Amino acid sequence: MHNVGIITRRELASYFATPLAYVFILIFLVLANAFTFYLGGFYERGQADLTPFFTFQPWLYLFLIPAISMKLWAEERKSGSIELLMTQPVKLWDAVLGKFLAAWIFTALALGLTFPLWLTVNYLGSPDNGAILAAYLGSLLLAAGFLAIGSCMSALTRNQVVAFILGVVVCFAFLLAGFPLVLDLFRSWAPQPLVEAIASLSFLTHFESIVKGVIDVRDLLYFAMLTGFFLLATAVTLELRKDL
């Protein structure tokens, strides 16, 4: 775990070595506020809560999270620095976990900077702060899932743009998995258990449950297992493609 900490700190510092990190955070905050107060009809609803903010969160993550994760491994492979990393006394899993944690902490920082929204709803009314806290937890878990998928997609290619597109496509598929539009394609021929299994893969199904303030162990296990699966897939992919 010592190596994981070193890699995490190094990668996190690299985010702020260029203006891109600050630009990303600014874009995230501007879009979060725009979605909450304008597209979400915050004032028109006449209710002091952060439902509009968290409703748009998955769709905001759909493009911003792959933008963070696309360089995790694609840049390493393109520059050739991954060969140098592989020669260091660092396990591949330590590197995968360290890079993921750095990206997750960076995302958590951007999410944490939305706290004025929380202060605003408390100033305007008496919201259910327990539900809001649960929703923030759900946002962090959702970000972890997106980042793990993005990390795996980044490990598949040397091109950051390709990694971004693959990340968006796969994350979009997980978002839509619970929609009737997708499930109807399977209901006509697939057995009901399979349809239910596909529906259970949806990010939205589990995220919306947590946003309501209901922290179910099944939702926590879903995000933990999905994140762990794609991080493991990242390590396997890098091992298989290290000579390519």
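Bear in mind these aren't lab numbers, they're just calculated from the coordinates by the rules spelled out. The model shown is predicted, which means the values in this text are computed figures rather than measured ones. Cβ sites come from the backbone with ideal geometry, for glycine too, and all protein chains shown count toward neighbours.
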In order over the range 217-234: 3J(HN,Hα) from phi, Karplus 6.51/-1.76/1.60, θ = phi - 60°, whole Hz, x for each Gly or Pro, gives 4, 5, 5, 5, 5, 4, 5, 5, 6, 5, 4, x, 4, 6, 5, 5, 5, 4
Arrange ARG10, ARG158 by Cβ neighbour counts within 10 Å, fewest through most, would you?
ARG10, ARG158
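Under the 0.36 nm per residue contour assumption, what length would be gained going from the current alpha-carbon distance of LEU221 and TRP59 to full extension?
Numbers: separation 162, 0.36 × 162 = 58.32 nm, distance 2.21 nm.
Contour length minus Cα-Cα distance gives 56.1 nm.
Report, in debye and to the nearest 20, how large the dipole of the chain comes out about its Cα centre when Lys and Arg carry +1 and Asp and Glu carry -1 on their Cβ.
For this selection, approximately 520 debye.
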Binned at 10 Å from zero, the C-alpha pair distances of the chain give percents of 7, 29, 33, 22, 8, 1
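When you count, for each residue, the other Cβ atoms within 10 Å and take the mean per peptide, how do 215-221, 165-171, 129-135 rank with the highest first?
Final packing ranking: 165-171, 129-135, 215-221.
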In degrees between 0 and 90, to the nearest 10, how far off the longest principal axis of the chain does helix 115-124 point, with axes built from Cα atoms?
10 degrees
Ordered by packing density, taken as the mean number of other Cβ atoms within 10 Å over each peptide's residues, highest first, how do 137-148, 17-28 rank?
137-148, 17-28
What whole-number distance in Å separates the alpha-carbon centres of the range 90-154 and the range 2-22?
16 Å
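Would you mind getting me the FRET efficiency between ARG10 and VAL169? Use the beta-carbon distance for r and R0 = 25 Å, nearest 0.05. Numbers along the way, then the final one.
Working: r = 30 Å, r/R0 = 1.19.
Result of the calculation: an efficiency of 0.25.
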For the range 168-177, what does the Karplus curve 6.51 cos²θ - 1.76 cosθ + 1.60, with θ = phi - 60°, yield as ³J(HN,Hα) per residue in whole Hz, taken in order and with x for Gly and Pro?
5, 5, 5, 5, 4, 5, 6, 5, 7, 4
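Give me LYS91, LYS212 ranked fewest to most by other Cβ atoms within 10 Å of their Cβ, as a rough exposure proxy. Intermediate values should be presented prior to the final figure.
On the way: LYS91 12, LYS212 15.
In increasing order of surrounding Cβ atoms, one gets LYS91, LYS212.
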Got a sec? How would SER202, SER151 order by Cβ neighbour count within 10 Å, fewest to most?
SER202, SER151
